[in-house]
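Take a look at the structure below.
Laboratory data are not the source of any read-out in this text; all were calculated from the coordinates shown. Quick caveat: nothing in here was measured; it's all calculated off a predicted structure. Here Cβ is always computed from backbone atoms with ideal geometry, including for glycine, and neighbour counts include all displayed protein chains.
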Amino acid sequence: MSLQSLTVLDHHYQELRNDGQDVIQGLSATPKTLPPKYFYDDYGSQLFEKICELPEYYPTRTEASILKQYADEIAAITGCCELIELGSGSSTKTQLLLDAYQKIADCCTYLPIDVSGGILKDSVVHLQKKYPDFSIHGLLGTYEQALVHLETNYLQSRMLFFLGSSLGNFTPAECDSFFNQVARTLQPGDYLLLGVDLQKPKDILEAAYNDSQQITDAFNLNMLSHLNWRFHGDFDINLFRHQAIYNEAEHQIEMYLHCQKSHWVNLKSLDLEVFFEVGERILTEISRKFNLVTMQKQLEGKNMKTLKTWTDDQGWFGLILSQVQ
């Protein structure tokens with residue numbers, strides 16, 4: 001892969017992203033929290049790809065089934081445009097969209113954006129071979145950095161898409177801020193394609209985040225291993241247990257690491273010592289579940305009019321295509 005095929009959005013990106021102030025803030029709070037971005041070192045990204053293949057984890061295959069059925073219709077509505085994906089990962093589902101756009105355009109531009117450099121490089125190399133007539137250029141950085149970069153690098157009409165259930169990781173305030181930034185990045189006539197995990201029974205949701213093969217356990221615990229490596233820490237992952245519960249009042253999955261024994265943890269690079277009580281827990285992720293009509297109203301409040309929605313037969317997952325007015 002040529003150097004021109006991947007852009008690091010800030011050459012101080014790793015330093016800025018991993019200065020650890022968010023870790024200090026989260027572990028000093030009551031209750032303790034950690035930002036979900038620390039799931040995604042290269043090993044964490046690999047584990048998440050495995051999670052997406054689990055029988056209990058419905059979001060990936062359900063969304064893929066919707067894309068398989070309706071990708072051609074999405075491409076027909078938007079026509080040829082610059083395709084920009086937030087949190088692209090391996091871009092597996094995205095290929096259903098790229099196949100559809102390949103049918104209507106000899107050449108297309110695709111910009112995958114991710115925080116994991118390893119998986120981003122691999123996916124760009126793979127896609128360049130599979131779609132030799134497409135212009136494919138990876139952007140390494142956070143969503144915020146990517147959207148700022150795109151605000152000042154506008155080449156043609158575009159469709160920004162955010163697939164999977166990642167929107168659910170945002171609090172309501174963060175979600176509102178995200179949509180504001182999207183609205184600044186897109187111009188009138190541009191499109192947003194949004195994947196939303198919909199509200200459903202508790203037993204289905206909790207099984208999806210407490211899988212029988214315990215891949216999600218490993219994914220959650222790997223956050224501590226990542227912090228050990230990143231900040232010269234001494235977390236003993238054997239002293240923590242994974243748990244995911246569905247908070248029905250807030251319509252969100254909450255993922256925790258439960259401390260099994262009182263002990264101290266030292267993160268040398270952050271000059272941080274933290275005491276954990278037995279039974280204490282760290283909130284590592286929320287995954288909100290949405291109502292399709294409510295989400296459309298929120299988008300309309302940001303001047304993004306819904307053109308069409310698609311769901312699977314069970315109504316478990318939804319795609320919303322909106323256009324900036």
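Please work out how much length the chain gains when fully extended from residue 49 to residue 68, using 0.36 nm per residue of separation minus the C-alpha to C-alpha distance, in nm with one decimal.
My answer for the length gained is 4.9 nm.
Can you give me the Kirkwood hydrodynamic radius for segment 203-266, using every pair of distinct Cα atoms, in Å to one decimal?
Numbers: mean 1/r = 0.0776 Å⁻¹.
Its Kirkwood hydrodynamic radius stands at 12.9 Å.
Helix 172-185 axis versus longest C-alpha principal axis of the chain: approximately 30°, rounded to the nearest ten.
Set Lys and Arg Cβ to +1 and Asp and Glu Cβ to -1, take the dipole of segment 193-283 about its Cα centre, and tell me which of 242, 231, 272 lies farthest positive. Most positive-ward Cα: 231. Computed from Cα atoms alone, the Kirkwood hydrodynamic radius reported for segment 41-164 is 15.0 Å. Over the C-alpha atoms of segment 241-325, the Rg to Rh ratio, Rh being the Kirkwood estimate, stands at 1.22.
Give the distance, in whole Å, between the Cα centre of segment 156-224 and the Cα centre of segment 95-123. Between the Cα centres of segment 156-224 and segment 95-123 lies a distance of 19 Å.
When all alpha carbon pairs of the chain are counted in 20 Å bins from zero, the resulting P(r) reads 31, 59, 10, 0 %. Estimated at 0.36 nm per residue, the fully extended path between residue 300 and residue 77 surpasses their Cα-Cα distance by 78.4 nm. Within the listed set 279, 26, 168, the residue fluctuating most in the Gaussian network model of the chain (springs between alpha-carbon atoms under 10 angstrom) is 279.
The charge dipole of the chain, taken about the Cα centre with unit charges on the Cβ atoms of Lys, Arg (+1) and Asp, Glu (-1), comes to about 440 debye, rounded to the nearest 20.
Using the Cβ-Cβ distance between residue 181 and residue 135 with R0 set to 35 Å, the FRET efficiency works out to roughly 0.90. Using the Karplus relation 6.51 cos²θ - 1.76 cosθ + 1.60 with θ = phi - 60°, the per-residue 3J(HN,Hα) values for segment 212-227 come to 5, 7, 6, 5, 5, 4, 4, 4, 5, 5, 4, 4, 5, 5, 4, 5 Hz, with x marking Gly and Pro.
Each distinct pair of alpha carbons in segment 168-325 adds a 1/r term; the inverse of their mean, the Kirkwood radius, is 18.1 Å. Dividing the summed -39500 (n - 2.57) terms of all DSSP H runs of n ≥ 4 by the residue count of the chain sets its mean residue ellipticity at 222 nm at -12000 deg cm²/dmol.
When N counts the residues of segment 24-106, how does its alpha-carbon radius of gyration compare numerically with 2.2 N^0.38 Å, as a ratio?
Working: Rg = 17.3 Å, N = 83, 2.2 N^0.38 = 11.8 Å.
In units of the globular-protein estimate, segment 24-106 measures up at 1.47.
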